[in-house]
Amino acid sequence: MKPNIAPTLGKERIRSLDIIRGFAILGILIMNIQSFSMPGSAYSNPTAFGDLSGINKYIWIFSHLLADQKFMNIFAILYGAGIVLVTSKSEFKTGKSAGIHYKRTFWLLLIGFLHAHFIWYGDILVAYSLCALILYPLRKLKPSLQLVLGLFLFSIHSIIYLFFGYTIDFWPSESVSEVASTWAPSVEYINYDIGMFTGTIIQQIQHNSSMATYLQTNYFLLVYFWRVSGLMLLGMAFYKLGFLSAKKSNRYYLNKALTLLPIGFLLIIIGLNNNFNAGWDWTYSMFIGSQFNYWGSLFLSIGYICLITLFIKSSIFFSFKNKIAAVGQMALTNYISQSIICVVTFFGIGFGFFGQLERWEQILIVISVWALQFFWSKPWLDHFQFGPLEWFWRSITYWKKQTFKKNV
């Protein structure tokens, strides 16, 4: 008889992974809201668009310090852990895992592609899926090797950017002008950007798709591949070592948090100070100045996981943990629904507020979406086995309609 391979359900789930993922899916919107609501250059260069004084400046600083890259890193780490988890389960039952891995990754890639080109260009699922397709053969390496290789791949992005930063004087003048214009676009281009995102549905999809194409090609090769691949390998190692499943002692997680968090914050604060002193000039901030947050965020991401794990292992806020775990269990549905809510809010297909809300107003949108997803995920999972998109993804992966409703 052929062994039955099926999605992980109920008591089989690792609760710590769901809770960590729940915090990450909510936290990632703190930064994504900027790309939903403003021209893309404002994400990396806060002086490119909008007011950056008073409360808006403090909102940006705290968002950059606490959220920028941190939650995306956690997602990539968890994805790497998920590769080991799913393939190990399949190999235990059937002795093989390539089929299930490549099928589930292919379908997620397709979902991400549709999301990127027809809903929101800032999609991260395509990058995760492409890296997962490549990294599958490395899942069985020893954790020590995965850690070393992961850090090596993660560092290649820095090598590329530092090389660019220190060789600008040798660039052709046309390359200098082109890169400078992407960092601080002209008023004409910003107005064009706003016009396209608040225009007709055809204009919106056309402009959105062109930006998604850039992120999935040039930017993927320069940034995402090295960063995401490195983090996924770290996630594989962390899972094997029991770090992500809350198997270490409280003292272990506390010591790691007290070590990693100060280092991360110090690096990011130094980078902030340097970038503001440089006036956010692209010749420094785009390449060299960005590396402080790049590495500081790695320390903070792992430190955040330690703090969340300590919270998981505590005996307080049981109901809150259940709600956050539900948010994480429905991560794909909640991620895509964040995009749909924000597109309706900011793009021309909906209310067309793109380029109109200040940073402090954007945070109010974030809090509203948090509340919605925090309070809807648990009631949904009380009645259904999966979130809607999770059910669809698993059904096409296993090529069998999964049981949707719970027998209550």
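Kindly establish whether residue 179 is in a helix (DSSP H, G or I) and in contact (Cβ under 8 Å) with a residue 12 or more places away in the chain.
It is true that residue 179 is in a helix (DSSP H, G or I) and in contact (Cβ under 8 Å) with a residue 12 or more places away in the chain.
Condition first: over 21 Å from residue 125 (Cα atoms), crowded, with 17+ Cβ neighbours inside 10 Å and of a type in the set (Phe, Trp, Tyr). Now tell me which residues in region 239-262 satisfy that.
243, 253
Which one of these does residue 351 not meet: (1) farther than 25 Å from residue 196 by Cα; (2) of a type in the set (Phe, Trp, Tyr); (3) assigned to a loop (DSSP other than H, G, I, E, B)?
In the conditions (1) farther than 25 Å from residue 196 by Cα; (2) of a type in the set (Phe, Trp, Tyr); (3) assigned to a loop (DSSP other than H, G, I, E, B), residue 351 misses (1) alone.
Would you confirm whether any residue within region 376-385 is in a helix (DSSP H, G or I), out of contact with any Gly (no Cβ under 7 Å at 6 or more places or on another chain) and crowded, with 19+ Cβ neighbours inside 10 Å?
Yes, region 376-385 contains at least one residue that is in a helix (DSSP H, G or I), out of contact with any Gly (no Cβ under 7 Å at 6 or more places or on another chain) and crowded, with 19+ Cβ neighbours inside 10 Å.
Can you name every one of the helices (runs of 4 or more DSSP H) wholly within region 274-337 that holds 3 or more residues which are touching a helix residue (DSSP H, G or I) at 6+ places or on another chain (Cβ under 8 Å) and not polar (S, T, N, Q)?
Values: elements: 282-285, 291-313, 318-329.
Those helices (runs of 4 or more DSSP H) span 291-313, 318-329.
Considering only residues that are of a type in the set (Val, Ile, Thr), touching a Ser or Thr at 6+ places or on another chain (Cβ under 8 Å) and closer than 17 Å to residue 61 by Cα, which ones fall in region 16-41?
Of region 16-41, the ones of a type in the set (Val, Ile, Thr) are 19-20, 25, 28, 30, 33.
Now narrow it down to the ones that are touching a Ser or Thr at 6+ places or on another chain (Cβ under 8 Å): 20, 30.
Within region 16-41, just 30 meets the criteria.
Can you confirm whether residue 136 is of a type in the set (Phe, Trp, Tyr), under 30 Å from residue 36 (Cβ atoms), at pLDDT 95 or above and in contact with a helix residue (DSSP H, G or I) (Cβ under 8 Å, 6 or more places away or on another chain)?
no
Looking at residue 225, is it hydrophobic (A, V, I, L, M, F, W, C), within 15 Å of residue 121 (Cβ to Cβ) and in contact with a helix residue (DSSP H, G or I) (Cβ under 7 Å, 6 or more places away or on another chain)? Show your work before the answer.
On the way: hydrophobic (A, V, I, L, M, F, W, C): yes; within 15 Å of residue 121 (Cβ to Cβ): no; in contact with a helix residue (DSSP H, G or I) (Cβ under 7 Å, 6 or more places away or on another chain): yes.
When the stated conditions are applied, residue 225 does not pass them.
Given the criteria small (Gly, Ala, Ser), modelled with pLDDT of 95 or more and in contact with a Phe, Trp or Tyr (Cβ under 9 Å, 6 or more places away or on another chain), does residue 37 qualify?
yes
Do we find that residue 220 is part of a helix (DSSP H, G or I), over 17 Å from the mean Cα position of the chain (by Cα) and surrounded by 14 or more Cβ atoms within 10 Å (Cβ to Cβ) in this structure?
No.
Looking at 83, 74, 156, which one is over 22 Å from residue 297 (Cα atoms) and part of a helix (DSSP H, G or I)?
Unique residue meeting the criteria: 83.
Out of (1) more than 26 Å from residue 191 (Cα to Cα); (2) surrounded by fewer than 20 Cβ atoms within 10 Å (Cβ to Cβ), what's the single condition that is false for residue 80?
Among (1) more than 26 Å from residue 191 (Cα to Cα); (2) surrounded by fewer than 20 Cβ atoms within 10 Å (Cβ to Cβ), the lone unmet condition for residue 80 is (2).
Is there a residue in region 308-323 that is more than 27 Å from residue 15 (Cβ to Cβ) and free of Cβ contacts under 8 Å to residues at least 40 places away in the same chain?
no
The values are calculated or read from the model by the stated rules, or taken from the named source; none is laboratory data. Since this is a predicted model, take the numbers as computed values, not measurements. Note that each Cβ is placed from the backbone with ideal geometry, even for glycine, and that neighbours are counted across all protein chains shown.
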